[in-house]
1. Of the residues Arg70, Arg96, only one is within 19 Å of the chain's Cα centre (by Cα), assigned to a strand (DSSP E or B) and surrounded by fewer than 22 Cβ atoms within 10 Å (Cβ to Cβ); which?
2. Please name all residue pairs, on different chains or six or more residues apart, with Cβ atoms under 6 Å, provided the first residue is in the range 85-113 and is of a type in the set (S, T, N, Q) and the second residue is assigned to a strand (DSSP E or B).
3. It is to be established whether one or more residues within the range 84-93 are assigned to a helix (DSSP H, G or I), out of contact with any Pro (no Cβ under 6 Å at 6 or more places or on another chain), surrounded by fewer than 20 Cβ atoms within 10 Å (Cβ to Cβ) and polar (S, T, N, Q).
4. Which one is surrounded by the most Cβ atoms within 10 Å (Cβ to Cβ) among residues in the range 147-201 that are within 15 Å of the chain's Cα centre (by Cα) and part of a helix (DSSP H, G or I)?
5. Which ones in the range 51-93 are farther than 19 Å from Ser12 by Cα and of a type in the set (Asp, Glu)?
6. Output the number of the condition that Ala136 fails; it satisfies all remaining conditions of (1) closer than 20 Å to Ala208 by Cα; (2) among the hydrophobic types (A, V, I, L, M, F, W, C); (3) surrounded by 18 or more Cβ atoms within 10 Å (Cβ to Cβ); (4) out of contact with any Cys (no Cβ under 7 Å at 6 or more places or on another chain).
7. Check off (1) surrounded by 19 or more Cβ atoms within 10 Å (Cβ to Cβ); (2) aliphatic (A, V, I, L, M); (3) without any contact (Cβ under 8 Å) to a residue 60 or more places away in the chain for Ala206 and give me the number that stays unchecked.
Amino acid sequence: MRDFSSDHRWLSLNTATVRKQGDLTAIIEACARHGIRAIDPWRDQVATIGLERAVRAVRDAGLELSGYCRGGMFTSDAARRTEVRDDNRRAIDEARALGAPCVVLVAGGLPQYSRPGSAASKDIAQARAQVDDAIADMLEYARAVGMPLAIEPLHPAYAADRACVNTTKQALDTCDRLDPQRTGALGVALDVYHIWWDPELMPQIARAGKDRLLAFHVCDWLVPTKDILNDRGMMGDGVIDIKSVRSALEAQGFSGYSEIEIFSNDWWEKPMDEVMRICIERHRTMV
């Protein structure tokens, strides 16, 4: 396993971690101050400053990307299928312009939550089938432009509103159905917050192998968790054995960034430079 204790070369900052403290330009400037060499920006943050400006800011700062957040939210009623397709194709185009190595996909839950205005449904099996179909369609476009797609399984607590793909096994089953030749076009983004609890996690990481492991996200699970969406912990403040998960990924050949993604009302209230300083410290000791 790589030694992170002496530098933070392999730290990437998911820009949601400090989204309340400044816009994407301010975040990029702060990364430069702290020697952070990679980011994973969110589409809304890119849209706020404009894609061309975002591309220039990334380039001028010499930053790499560890991913692009996010595509997906595939589930909808029939009236919104074209909207879903076009939105996800735009995500791919934006990721290419920014130089991202993959687009992270959050599948979507029941249609009325994934695409507001869609007819309500309680059929989660149908939602999962729709996700497969939509990823298959997106994959054709992504392959044509050389942009890998990374399915991110989310904790089961998000099954209704954010992601009906909830385990690494589910995500890999979709990969195997749609990309059985393991071409590198489709894989997974594994976030310890969502997968740490899964008793099948380690064998599923081994099943994934290097070619399916496209992104790795870190934070921590607090006890108690006050808000399932916005109360993630800084690494080391919770119960996740992060190093064991990273070790398992690296045993399969993963050598990419450990991307810090912390949705937290508490951390959003702290100054950006303080958050980045602590991210670096914890990346060296807890990741």
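Read-outs: derived from the displayed coordinates by stated rules, not from any lab. Fair warning: this is a prediction, and the values are worked out from it, not measured in the lab. Note: ideal-geometry Cβ built from the backbone for every residue, glycine included; neighbour counts use all protein chains shown.
1. Matching residue, one of Arg70, Arg96: Arg70.
2. Every condition considered, the pairs that remain are Asn88/Gly71.
3. No, there is no match, as no residue in the range 84-93 is assigned to a helix (DSSP H, G or I), out of contact with any Pro (no Cβ under 6 Å at 6 or more places or on another chain), surrounded by fewer than 20 Cβ atoms within 10 Å (Cβ to Cβ) and polar (S, T, N, Q).
4. Taking the candidates together, the pick is Ala171.
5. Matches in the range 51-93: Glu52, Asp77, Glu83, Asp86, Asp87, Asp93.
6. (3)
7. The one condition Ala206 does not meet is (1).
This table checks each residue for (1) under 18 Å from Ser12 (Cβ atoms); (2) aliphatic (A, V, I, L, M); (3) out of contact with any Phe, Trp or Tyr (no Cβ under 8 Å at 6 or more places or on another chain).
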{"site": "Trp196", "(1), (2), (3)": "no, no, no"}
{"site": "Phe216", "(1), (2), (3)": "yes, no, no"}
{"site": "Pro224", "(1), (2), (3)": "no, no, yes"}
{"site": "Asp227", "(1), (2), (3)": "no, no, yes"}
{"site": "Asn230", "(1), (2), (3)": "no, no, no"}
{"site": "Val245", "(1), (2), (3)": "yes, yes, no"}
{"site": "Asp266", "(1), (2), (3)": "no, no, yes"}
{"site": "Val275", "(1), (2), (3)": "yes, yes, no"}
